Structure formats: structure tokens, C-alpha cells
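One structure is given here, and the rest of the page talks about it.
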Amino acid sequence: RGTRRAGGTERDLVVVSNREPYQHGYDADGGVVVDEPVGGLTAGLDPVVQRTGGDWVAWGDGEADAVVTDEDDCVAVPPDDERYTLRRVWLTDDEVTDYYYGYSNRVLWPLCHDLVGRVEVEPRYWETYESVNESFGEAAAERATEDSTVWIQDYHFCLAPKTIRESLPEGANTVQFWHIPWPSWETFRVVPHAGELVEGLLANDLLGFHVERYRDNFLDCAAALDGTRVDREAGVVHVDGRTVRVGAFPMGVDAERIASTAANFDQHAWAHLAGTYGIDPNVAVAVGVDRLDYTKGIPERIGALERFWEDHPEWRGELTFVQKSSHSRSRIPAYERIAEEVTAAVDRVNDRFGTATWQPIVHVDDHLDQRELYGLYRHSDLALVSPLKDGMNLVAKEYAAAQVDDDGVLLLSEFAGAHEELDEAVQINPHSRDGFATAIHRALSMSTVERRRRMRSLRERVRDNDLDAWVTDVLDAASRDPEALRAGGRDV
Ligand code: G6P
């Protein structure tokens, strides 16, 4: 069992997340193969847990019988060089339908993104969410001791901390990071189990959000419950004779690795990648990178580009927009619809403006490896990051980290958490088609001096507040004496 030194205390680390960092399956010859973590949260945390050792508890979404394991479903990862133990929790199809596609992604996801009209409440979603949370809580408690820090990730597990607290009476140290926005109490209370969800989260010792607004919204929700006392200035909730700390810890990216990968992706590699997708490497390129999700504002972005090419015909043939999309949660009809809507919008604009030698929008939904993705960022003149609402949005930070030549422009939605930190970005309101189109024009016309000045400070900020800084901040706060803690985290 590995340990980590945080704030002077050594503690075992047990990470809990819905997605597993490595998926096990078979190759054509029947051999067991293991996928690398591809992105997002798990790719970010994997190197941390590799360094610290410990355990990772996650949904076993690979092939259930591809088991390289002892009887309690644990595997060593990475397989060729054991660094930590992956404990997989197996779910039935019904559990996946009701806990993952149901309560997590048809209730909590839209609710926390302020899209109450998309929330679909079904009693069986809640019942299954409760029982699956219990299974994850038990699995984490099995792997933990009272010397462990259990670090739970995200909205899939509001109720698991309670099970962990009950199963380990001596008390492990339990931390939860909420990666998506937290709405106002007026919005959150719309769901029938609002109180139980907040109570479940209050079983943690520390609860982290990306920005202070989400933290403050959560404190309002905690204050609305009976039996709680909230000290807003200190960022703590007193409940059941315990003190729960609530802080803001903006997540970062592995800026150094992104920069060195992008730096190695030279003009030659770029010309090759561009050629594969029919992108003319000699015209200006704007890029968007998203999961196909209705919160990401992709149709609005395409609408703004259409307006831009309408208003500025001189840019027809001179700017290509590359939308890199990945399919997501496709069993939910709203996700199927957004994928269709994006395809239709791309086709509409290409039909309207495309010529024999120029395709205005190139839609890439192939998998790109990290080298290609960071190379695409580096060689794109603009990034259009325009979610309608987003907890943080790490694409904005990855794009800045990849600008090793300091010459790209980031356009960033004022509704992304990242906006609070990255104020040298060109701010956009994704709902304003005209304003967005004007911002695209402004970004393309920006002087070299201004472009470089803005990008240099963005890169510096992203480098200073990188993934390591985030992990250290969260785990240091987790190991701090509750009474000594005045503010919940860094100021943003
Ligand atoms: C968001 C969530 C993550 C989640 C990711 C991908 O970033 O905060 O917890 O893993 O989306 O979504 P998926 O449902 O495919 O895991």
C-alpha cells in the first residue's frame, strides 16, 4: 500500500471515480489487453496515483471476464509495472441504465448545469443510485483504513461518503471533489431528494468545487437544511457535531507535458495531420474540442461562425473551423439529438459557403491521440471554447498550455469556470450570435503584440496552477486541522 506526504502527514490514498483509469478487454487472439486512460479526469489522476501508490475504486466497464485478478476483483495497474491497485465494481445492465444513464446523467447533470427542463425524475433512478453508491462506499471502505484519505470524484457519488463513514467508525479522512457546477438552492431544491443529496455530501470531511460561486451555492443549500450551521467566512458547515470544510480549488492541467508534446509536433507533422482531414494548413484554423453534450454550445458556435462568414465574406476561404467531437452517453436521447444537430449544422454551413477548394467546417469524430490533439491545438490560430455552462473546462487550459509559440487566441465563454481565472481570453457570450461573430473577427484581426501578450500571461497562469498544484492543494487541505482552516482554498 503506497503513501503520500501531504501537509506533513503520510496517508494512504484511495481514489473513487465512476470511470476506471484502465479498461480490460481482449485482442483478436484472445489475449487480455488494457486501454490507456484517454483523457479528462482519469487521465489526469492516473499519474498522481501511480506516484503515490494506493487504490482506485471504479466501475468495471471493460469486459467482465477479462480478469487478471484475484477473487475480490482487484488488478494491478499499469499491468506491466504495478503502481497501484484497481478495484473494479461490477454493475448490471439495469444498474448502468438507472444509476449512470439515469440519476447521474438525466437528473444531476442537467440540474447542476441549470437545465431544469431536461431533468427526468424516475423513482427507480434514485433507488439504484442509492444502492450503487452503497456498493462503491463499501468497496472504498474495504480498501481504506483509518489512516487513509479517500478521495471521491464527482456527482456520481453523493451518497457514498455516508456509507464510508458508517463502515469505518474510526473514520478515514474523506474528501470529495465536485467537477461540475453547483447551482443555487432555488434550482437544486427542484429534485425530490435534494436534502438527502446535500446531507450525503456533508458526510465528507472536505468538499471541493472549482470556483467560489459553486462553493457559495453549496453553502446556501447546506444552510437550508435543518440541523446545520454554516460559517460562510470560514467555509465550513457544522453538522452532527462535525465540521465539514468546503473550498474552491480550480483544477489545472499537466501543462509541462502538454507543452513538450505540442513542441515536438512540428510543421511537418501538422501538414500530415491536416492533410488526413482535408484541412488546408495555409489558411487560418480555429478549433473546438468537446464531448457531444448539450451543455457545450456547439450548435451556437456553428451559428456564430455562419454569421461571421455572412458578415465577413473576405474570410471565406481564409478560415477553416475544425470541430473535434467525441460521442458521449449515446443511450440518452438528448445526446443522440445533439449529435444529429451538430452534424446537420456542419452540413448546412458547408453547403452554404463551401467551394471546390475550401471546406469551412471539418468535423473530426475519430479518436486523436494526445500527440495529435496537442499538435492540433498548437497549430490552431483560435480556440472556440463556448459552453453554455461548464464546471471548469480543461480544453481552454490545454489550448493555452499548447501555445508554445505564444501566438494563438483563446475565445472563452463567460459561463465556463475557467473564465474566472483566464481573464486574458477574449470573452464571449455563447447565446449572443452577433457578439460571438464579432469576437471571432476581433480575434483574427488582433495585433501580434496583443496576441502574444495575452497568450504569454495565459500560459503562465496555466503553468503556475497546473494539475500538480491542484492535487497538492486538495490533499494539503484534506490533511489540515479543520479548526485551523479559515478559507476553503485558493482565492479565485
Ligand atoms: C465530465 C464529468 C466526469 C466525466 C466526464 C465524461 O467531465 O465531470 O466525471 O467522466 O464528463 O463523461 P462520461 O459520462 O463519459 O464519464
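Laboratory data are not the source of any read-out in this text; all were calculated from the coordinates shown. Note that the structure is predicted; figures quoted are calculated from it, not measured. Ideal geometry is used to build each Cβ from the backbone, glycine not excepted, and the neighbour counts take in all protein chains shown.
The table below lists the values:
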item	result
Karplus-derived 3J(HN,Hα), 6.51/-1.76/1.60, for each residue of segment 316-328, Hz, glycine and proline x	5, x, 10, 9, 10, 9, 9, 9, 9, 10, 10, 6, 8
Long-range HN-HN contacts of Val364 with modeled amide H, under 5 Å	Gln323, Lys324, Ser325
Relative contact order of the chain, defined on C-alpha pairs under 8 angstrom at six or more residues apart (%)	14
Principal axis box of the chain, alpha-carbon based, largest edge first, Å	69, 57, 45
Over segment 133-269, relative contact order from alpha-carbon pairs under 8 Å, at least 6 apart, %	19
Calculated FRET efficiency for the pair Asp94/His238, C-beta based, R₀ 41 Å, to 0.05	0.60
J(HN,Hα) series, segment 193-201, from Karplus relation 6.51 cos²θ - 1.76 cosθ + 1.60, nearest Hz, glycine and proline x	9, 3, x, 5, 5, 5, 4, x, 5
Sequence-distant residues sharing a close amide H with Tyr26 (under 5 Å, placed H)	Val33
Least to most buried among Val239, Val449, Val49, Val346 (fewest other Cβ within 10 Å first)	Val449, Val239, Val346, Val49
Beta bridges by DSSP in the chain, antiparallel share as percent, to the nearest 5	30
Potential extension, Asp468-Asp231 segment - 0.36 nm per residue separation minus Cα distance	82.4 nm
Principal-axis tilt of helix 298-311 within the chain, Cα atoms, nearest 10 degrees	20
Acute angle (nearest 10 degrees) that the helix 433-445 long axis makes with the longest principal axis of the chain, alpha-carbon atoms	70
Whether segment 152-228 is rounded, prolate or oblate, judged on the alpha carbon gyration tensor where a/c under 1.5 counts as rounded	prolate
Nearest-ten-degree value, helix 123-143 long axis tilted from longest Cα axis of the chain	70
Shape category assigned to segment 386-468 from the gyration tensor of Cα positions, a/c cut at 1.5	oblate
Computed [θ] at 222 nm, deg cm²/dmol, the chain (DSSP H ≥ 4; -39,500 (n - 2.57); rounded to nearest 500)	-11500 deg cm²/dmol
Anisotropy class of segment 332-426 from Cα gyration tensor, a/c 1.5 cut	oblate
Extended-chain gain in nm, criterion 0.36 nm per residue less alpha-carbon gap, Thr355 and Ser131	75.1 nm
Likely footprinting exposure, Cys112, Cys158, fewest C-beta neighbours within 10 Å first	Cys112, Cys158
Relative exposure of Tyr26, Tyr84, Tyr294, Tyr103, judged by other C-beta atoms within 10 Å (fewest first)	Tyr26, Tyr294, Tyr84, Tyr103
Interchain or long-range residues, amide H under 5 Å from Thr320's placed H	Ala284, Val285, Ala286
Whole-Hz ³J(HN,Hα) from phi, Karplus 6.51 cos²θ - 1.76 cosθ + 1.60, for segment 450-462, glycine and proline x	5, 4, 5, 4, 5, 5, 4, 6, 4, 4, 4, 4, 5
Peptides 436-444, 381-389, 167-175 ordered by average Cβ neighbours within 10 Å, highest first	381-389, 436-444, 167-175
